[in-house]
Amino acid sequence: MIEQEQISIVEKKKQEKIKLVIWDLDHTIWNGVLLEDEEVSLKEGIMDIIHTLDERGILQSISSKNEHSMAMAKLKDLGIDEYFLYPQINWNSKSSSIQEIVAAINIGMDTVAFVDDQPFELEEVKFELPEVYCINAMEYKEIPNMDIMEPRFITEDSRLRRLMYKSDEIRNKAEKQFTGPKDEFLASLNMVFTISPLQGDDLKRAEELTVRTHQLNTTGYTYSYDELEYFSKSDRHKLFIASLDDKYGSYGKIGLALLECEDEYWTFKLLLMSCRVMSRGVGTVLMNYIMAEAKKAGVKIRAEFKLTDRNRMMYVTYKFGGFKEVYQEEDFVVFENDLSYVQDVPDYMTVKVLD
């Protein structure tokens with residue numbers, strides 16, 4: 001019987017750290033009602049709050065019952081339109097607008113905060129989307145000081161996160177307009193997938209990835225900076241980080257793999273990929289690279305998997321990758337692969353490996 005290794009795992013908090021703040025407009029971001037008042041002005045200190053959240057890597061959007069073109073023109077006039085991704089300015093319910101934004105950004109609903117001045121709107125969202133953290137606009141000045149708004153590390157990827165998502169908007173628009181096969185569109189992106197050993201400043205980003213990534217995470221394990229630093233220096237472990245770039249810019253550091261290496265087996269202790277690249281056909285590239293390296297080393301490969309409420313796709317990834325279950329206890333599975341077949345790199349991308 002294969003026993004699950006006892007590891008130090010940071011306990012999941014009741015409330016996740018916030019990745020996305022969705023703002024109302026009237027009496028929330030600005031004073032007044034756009035359709036009724038001759039002029040509206042930004043609330044005191046709101047620009048500093050928006051800028052602070054942006055620097056921390058917290059994304060922002062808009063859910064407002066307003067006339068779209070007029071509201072967007074006013075946001076541009078106030079110099080803040082660039083901070084908001086996929087703004088939903090219409091007459092739909094706030095909860096449906098939030099769902100549209102979250103689907104476009106592709107994050108968990110329990111990492112979203114919604115700010116509004118109307119108790120009715122807050123209650124509607126609480127009822128329809130109970131996982132969303134609702135904040136009365138009267139408390140807007142306290143938002144930067146809330147624990148859920150303060151990531152442990154602010155990395156280079158954090159500071160550039162909004163710009164990366166802005167690039168995603170352009171990519172997604174280009175994809176919708178592309179009429180050819182999916183592989184042809186992916187080939188047109190000129191993607192470069194880079195794999196390197198984890199070290200130095202990337203340790204902070206690696207911890208951030210384990211905390212932020214839930215859907216494409218094989219175990220849900222959350223490793224601290226100190227643990228990752230230990231693994232990066234350990235002779236018994238291999239730790240890889242992956243980044244992705246294309247003609248529209250960088251996706252940043254989007255993948256992480258931790259292996260425990262023994263004479264007969266290498267074992268995936270963790271394999272994760274950012275949800276942002278889910279549709280880019282890169283989900284198995286890091287896994288297949290490591291499988292090829294294990295085959296060169298003359299070892300078999302195993303993978304630990306812990307089923308969560310979000311990571312079913314990673315279970316399917318292992319199964320399609322030729323992994324077979326050799327042990328299971330409740331939601332914990334150990335897979336094994338004899339490496340008789342390892343998939344090639346897709347034709348539509350280039351893979352670079354750094355020492």
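So the values come out like this:
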| quantity | calculated |
| --- | --- |
| Semi-axis lengths, Å, the stretch 78-135, gyration tensor of Cα atoms, sqrt of 5 times eigenvalues | 18, 14, 11 |
| The stretch 154-310: mean projected area of Cα convex hull, nm² | 9.9 nm² |
| Kirkwood-type radius of the stretch 20-149, with distances r between different C-alpha atoms, in Å | 14.6 Å |
| Rh (Kirkwood; distinct C-alpha pairs) - the stretch 212-271, Å | 12.9 Å |
| Degrees, to the nearest 10: 46-55 long Cα axis against longest axis of the chain | 10 degrees |
| Alpha carbon centroid spacing (whole Å) that separates the stretch 225-278 from the stretch 288-336 | 15 Å |
| Set of lysines near residue 43 by C-alpha distance (under 28 Å), chain-local residues within fewer than 8 positions excluded | 17, 19, 65, 74, 76, 94, 126, 141, 166 |
| Point-to-point label distance, residue 192-residue 319, nm (Cα→Cβ direction, 7 Å offset) | 3.7 nm |
| Value of Rg to Rh for the stretch 301-355 (Rh from inverse mean 1/r over Cα pairs, i.e. Kirkwood) | 1.06 |
| The chain - mean residue ellipticity at 222 nm from DSSP helices (-39,500 (n - 2.57) per run, n ≥ 4, rounded to 500) | -9500 deg cm²/dmol |
| Chain lengthening between residue 147 and residue 175 when straightened (0.36 nm per residue, less Cα-Cα) | 6.3 nm |
| Calculated over the stretch 219-355: convex hull of Cα atoms, volume per residue (Å³) | 127 Å³ |
| Cα pair count fraction exceeding 39 Å, expressed as % - the chain | 21 percent |
| Residue exposure sequence - 264, 207, 175 - by fewest surrounding Cβ within 10 Å | 264, 175, 207 |
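Bear in mind that the values in this text are calculations on the coordinates, not laboratory data. No experiment lies behind these values; they were computed from the predicted model shown. Cβ: placed from backbone, ideal geometry, glycine included. Neighbour counts: every protein chain shown.
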